[in-house]
Amino acid sequence: MEGPFIRIEESGTVLPLRPEVTTIGRGRGVDIRLDEPSVSRLHAELVRRGPYVYVVDLGLSRNGTRVNGRPIARRVLEDGDVISFGAARCRMGGIPREDVDPDVELRRAVAPDLTRREIDVLTSLCRPALSDEAFVAPATAREIATDLVVTEAAVKQHLLRLYQKFRIPEGANRRTRLANEVIALGLVRPLPPVHVPPQGGRTPETARRPDGGPRPGGAPGTVSGAAGTTGAPRQPGVRRPAAPGAPGRRAAS
């Protein structure tokens, strides 16, 4: 078979990748369907860029994606790599082999390998910026702990490791700088807009997130203060990213 392909280990089925993006999951609308309960309906994407192929975990499954046994958010693939989507194992083939040059090595180093819990912490950290707010501060360690039902001390330990992995130097607004870096790399995605119909003829005061929690902050376009109130003085925060695939916007100075 000419060009990159993926082999489903359980069945032995070999499928070619689409020219640009190949979607993988359990749903009926994906390009490669895996009949495995641990796979989400839309689990991951295989993206082709010239001779290179990289895999993107879409963060919609608690079981995640692994490459050669290591949890990933996004990773450039090589010929023969084993990808696990939940419990479904696949193997990549047809990817040209070449001597690793500095540009390829740089792309592999941009997004460090992350554990599933670290991805959860980053998603919770950036959640305010993924809402319909125009400019908000990232979540605090206490808010992340509440969101993930863990201790605040555990969250702080995860954040320290993430600062090291993403090489975020010490200084003011460290959480903001980490959130900006994560969004710029595309490791978290904007949430789809949620429209809440009026109840009893009145507009609800707080929109709801897809996970059932209230959206942080107030009306769109305002700035969330440290306690999540609206109308607070402008402070360093994270701008809401553009649509998936567009460059992430940086925090205001």
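The values are calculated or read from the model by the stated rules, or taken from the named source; none is laboratory data. Worth saying up front: this structure is predicted, and the values here are computed from it rather than measured. Cβ: placed from backbone, ideal geometry, glycine included. Neighbour counts: every protein chain shown. Heavy atoms of the whole protein, side chains included, go into the accessibility calculation; ligands, DNA and RNA do not. Shrake-Rupley method; radii C 1.70, N 1.55, O 1.52, S 1.80 Å.
Assorted remarks:
- Taken about its Cα centre, the range 1-100 carries a charge dipole of about 380 debye when Lys and Arg each add +1 at the Cβ and Asp and Glu each add -1 at the Cβ.
- Subtracting the Cα-Cα distance of residue 164 and residue 49 from 0.36 nm times their residue separation leaves 38.5 nm of extension gain.
- Projecting label points 7 angstrom from Cα along Cα→Cβ for residue 20 and residue 42 puts them 1.5 nm apart.
- Ordered from largest to smallest accessible area (heavy atoms of protein chains, 1.4 Å probe), the residues 23, 146, 115 come out as 146, 115, 23.
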